[in-house]
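In what follows, a single structure is set out as C-alpha cells and then discussed.
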Amino acid sequence: MRAAIFRGPGVVEVGERPDPVIEAPTDAIVRVVLACVCGSDLWYYRGESPHAEGSIGHEFIGVVEETGADVNTVAPGDLVVAPFIYSDMTCQHCLNGSTISCVQGGNFGNGTIDGGQGEAVRVPLAGSTLVPVPGSGHSDDTLRSILALSDVMSTGHHAATVAGVSKGDTVAVVGDGAVGLSAVLAAHRLGAERIIALSRHPQRQQLVREFGATDIVEARGDQANEAVLSLTGRVGVDAALECVGTDQSIATAFAVARPGSTVGIVGVPHGQVPFAQTFFRNVGFRGGPAPARIYIPGLLDDVLAGTINPGRVFDYEADLGHVADAYTAMDERRAIKSLIRVGSV
Ligand SMILES: [Zn+2]
C-alpha cells in the first residue's frame, strides 16, 4: 500500500509499506478515508523530537475492511474514528480514565505501527479503540469534523475539562493554533460565558470568534497578562487553557488564572510551571495528553447533531500523493492544520 514515510527531519514522502493484515484476533484493518498532520508531527519534521524512520500520522477516520475473531464492536463496512493511541479500556489506567497510559496501548504511526497517513491501518485492540460513526451519507464537512475528534478537538476539550470549565465561566485560551482554536470551541460548548482568546493572527481571529471567543487579546507576554487582568476587573479568569507549551505561554496562563482556579495544560511543555507563584495563589494545574477514546463519543454526538464543527480548523488540503506539501504548509505557517484526503467512504 501507499503511505507517508518519515525519512528524517524535513523529509516525509509517499512510499510503499506492506499491506496490513490481521495479526491478532483483536486487530482490525481500516481503509483510511481522511487523515491529517498533527502539530506534534511537525516536531519530528523539524527535528525537535526524535521519530523512527517509517510510518507516521496518528489521526484518521476510515472504513473497517476486516476484523479479527475477537472484535465485535465494529464490523466490516463501518465508518470509524480512531483516537490517536490504541487502548484496551480494561486495564486499571483505562478504567481510571487515563487511556494514554494503557498498559497494552501504543501509538499509531511510530515508525513501525501503521500510521494514519497511509491507505490502510492495522488497528491493534480495535474493539476497544475504534469508535463507530452512526448513520451514513455524511457530508464532507461532517467527515472533517469527525476527523478532528481523533486528536485536536479531544485535546482542546481536555484542556477545558481538566481546568473545570463550566457554565457561566470566564476562560482565557492561550494559543491560536489548531489546539487553541479547539479549546475555544470546547470552552464554549461547556457553557463558558466569556472566552478571551490570545490571538495575534488576523486570519485566525475570525474563526476564533465563530468558535465562541468574546474577546481577543493580540498582545504577548506581560502586555497580554495585563490585558486579560484588565478585562476581568483584575480578578483573573476562572480557567486558563494553555495550548502552546512555551515558557511565555505557560507564564501567561498562570498569570491570568484567578486565585483558586485551575490551569489546563495541553501544549506539550517546553517551559516550566512557576510553582511558588501558583502555590501562594492556590492555583492548580492539570493536563497532559487527552484520553481521546473517552471523549470521542460525546463530542461525536455533537458533531452529528451539527452543534460543533471542529473540522473548520483544517485550512489546507492535499491528497496522499502530496503529503509532503501538507507538512510544508504547516511548517511554513501557511496552514493552521493540513488535511490529507486518502480515500472515500
Ligand atoms: Zn488500558
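At-a-glance table
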| quantity | calculated |
| --- | --- |
| 5 angstrom amide H check on Val173, placed H, neighbours 5+ away | Ile196, Ala197, Leu198, Leu241 |
| The stretch 97-127-the stretch 189-211 distance, computed between alpha-carbon centres (Å) | 32 Å |
| Vicinal HN-Hα couplings computed from phi for the stretch 60-73 (Karplus, 6.51 cos²θ - 1.76 cosθ + 1.60; Hz; Gly/Pro x) | 6, 10, x, 10, 5, 9, 7, 10, x, 4, 8, 9, 10, 9 |
| Between the stretch 61-78 and the stretch 12-39, the alpha-carbon center distance in angstrom | 14 Å |
| Alpha-carbon centroids, the stretch 237-279 and the stretch 291-345: separation in whole Å | 27 Å |
| Average Cα contact separation per residue, the stretch 89-207, under 8 Å, 6 or more apart, as relative contact order % | 16 percent |
| Ranked Asp27, Asp114, Asp319, Asp169, criterion: other C-beta atoms within 10 Å, fewest first | Asp319, Asp169, Asp27, Asp114 |
| Loop GluC sites (Glu not before Pro), the stretch 129-220, which have at most 16 other Cβ atoms in a 10 Å radius of their Cβ (DSSP) | Glu193, Glu218 |
| Zone of Ala52's modelled label, taken as backbone nitrogen in the stretch 110-133 under 15 Å from a point 7 Å along Cα→Cβ | 110-116, 122, 124 |
| Top positive-direction residue, dipole computed over the stretch 114-176 with Cβ charges, set His158, Ile146, Gly175 | His158 |
| Beta bridge orientation in the chain: antiparallel %, DSSP, nearest 5 | 55 percent |
| Trypsin sites (Lys or Arg not before Pro) lying in DSSP loop within the stretch 296-345, provided at most 16 other Cβ fall within 10 Å | Arg333, Arg334 |
| Amide H within-cut-off set for Glu317, under 5 Å, with H built and near neighbours excluded | Leu339 |
| The stretch 269-345, relative contact order [Cα under 8 Å, separation at least 6], % | 22 percent |
| CD proxy at 222 nm, helix term only [per DSSP H run n ≥ 4: -39500 (n - 2.57); per residue of the chain; nearest 500] | -8500 deg cm²/dmol |
| Mean separation of Cα contacts under 8 Å (6+ apart) over length of the stretch 1-147, as relative contact order % | 30 percent |
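Every number in this text was worked out from the coordinates using simple rules, so none of it is lab data. Given the structure is predicted, the values throughout are model-derived calculations rather than measurements. FYI the Cβ positions are ideal-geometry reconstructions off the backbone, even for glycines, and counts take in every protein chain you see.
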